[in-house]
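Written below as structure tokens is the structure these notes are about.
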Amino acid sequence: MFIDVKVDPQTALQPELVKKLVEVCPVGIFAQAEGGALRIVEENLDECVLCDLCIEAAPKGAVKVIKLYE
């Protein structure tokens, strides 16, 4: 695993923002769980291309992509 993704809990519960995150990620890291909450697709994390589209789609500081390498 090369990265981790953290999403603010309030953001993860907002259906419109969840939908936007699902749509913008080119590698399917985000999914909408039953009930509309955000679900991180753990098996896709290593596919992240560091495009920052998720960061741009969410309110400032709501999504963090954490590099687990130097």
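The values are calculated or read from the model by the stated rules, or taken from the named source; none is laboratory data. Since we're looking at a predicted model, the values are computed, not measured. Backbone-built Cβ (ideal geometry, glycine too); neighbour counts: all protein chains shown. Ligands, DNA and RNA are excluded from the accessible area calculation, which covers all protein heavy atoms including side chains. Shrake-Rupley method; radii C 1.70, N 1.55, O 1.52, S 1.80 Å.
General observations
- When the residues of the range 31-44 are filtered to those that are exposed (fewer than 15 other Cβ atoms within 10 Å of the Cβ) and in a helix (DSSP H, G or I), the one that is nearest to the chain's Cα centre (by Cα) is E42.
- Members of the range 26-41 found to be out of contact with any helix residue (DSSP H, G or I) (no Cβ under 6 Å at 6 or more places or on another chain) and under 10 Å from C54 (Cα atoms), listed by number: P26
- Restricting attention to the range 48-70, the residues that are touching a Pro at 6+ places or on another chain (Cβ under 9 Å) and open to solvent by 60 Å² or more (accessible area, probe 1.4 Å) add up to 2.
- Positions within the range 42-67 being out of contact with any helix residue (DSSP H, G or I) (no Cβ under 9 Å at 6 or more places or on another chain) and β-branched (V, I, T), in sequence order: V49, I55, I66
- Selection from the range 7-30 of residues that are part of a strand (DSSP E or B) and either open to solvent by 90 Å² or more (accessible area, probe 1.4 Å) or touching a residue at least 60 places away in the same chain (Cβ under 8 Å) (or both): none
- Residue count for the range 42-70, restricted to those that are out of contact with any Asp or Glu (no Cβ under 6 Å at 6 or more places or on another chain), closer than 15 Å to F2 by Cβ and β-branched (V, I, T): 2
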